[in-house]
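Chemist: This is the structure I want to talk about, given as structure tokens.
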Amino acid sequence: MFPKIETMKEPVEAAFGNALTFGLGLGYYAYMVSEKDNVKSVTVVEANEHVIRLLKEHILPQYAVCNAK
């Protein structure tokens, strides 16, 4: 298992309502929380526009491919 994913298990499980996170990283936390039925919204505060662009152009499309299977 990936160490980063392991460290996110508890915070993802604990999330509900309107979730807020500081720092996008690779988007794992924001994505996993957004998939939960008891989460209404996810707000990400990220200052680095390159990280945001990387996520939009390269990472989010991979989630779409995985969800299509």
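The values are calculated or read from the model by the stated rules, or taken from the named source; none is laboratory data. Since the structure is predicted, the reported quantities are computational estimates derived from the model, not experimental observations. All Cβ positions, glycine included, derive from the backbone under ideal geometry; neighbour counts span all protein chains shown. Quick note on the areas: whole protein, heavy atoms, side chains included, nothing else; ligands and nucleic acids left out. Shrake-Rupley method; radii C 1.70, N 1.55, O 1.52, S 1.80 Å.
Chemist: Taking semi-axes √(5λ) of the Cα gyration tensor in Å straight from the coordinates, which label in (1) 18, 16, 13; (2) 32, 11, 9; (3) 15, 12, 11 is the correct one?
Modeler: From the options (1) 18, 16, 13; (2) 32, 11, 9; (3) 15, 12, 11, the structure gives (1).
Chemist: Further question: With an 8 Å Cα cut-off and a minimum separation of 6 or more residues, compute the relative contact order for the chain in percent. Please report the intermediate quantities before stating the final value.
Modeler: Numbers: 61 pairs, mean separation 20.6, N = 69.
Relative contact order, the chain: 30 percent.
Chemist: Using the Cα centre of the chain as origin and beta-carbon charges of +1 (Lys, Arg) and -1 (Asp, Glu), tell me which of G27, Y63, P3 is placed farthest towards the positive end of the dipole.
Modeler: Farthest towards the positive pole: Y63.
Chemist: Heavy atoms only, 1.4 Å probe, whole protein assembly: order L26, L54 by accessible area, highest first.
Modeler: The most accessible residue leads, giving L26, L54.
Chemist: Another question, if that's okay. How much accessible surface does Y29 have with a 1.4 Å probe, in Å² rounded to 10?
Modeler: 40
Chemist: While we're on this one: Could you give each residue of the stretch 38-53 its phi-based ³J(HN,Hα) in whole Hz, using Karplus coefficients 6.51, -1.76, 1.60 with θ = phi - 60°, and x for Gly or Pro?
Modeler: Coupling constants for the stretch 38-53: 8, 9, 7, 7, 10, 10, 10, 9, 9, 8, 8, 5, 5, 5, 4, 4 Hz.
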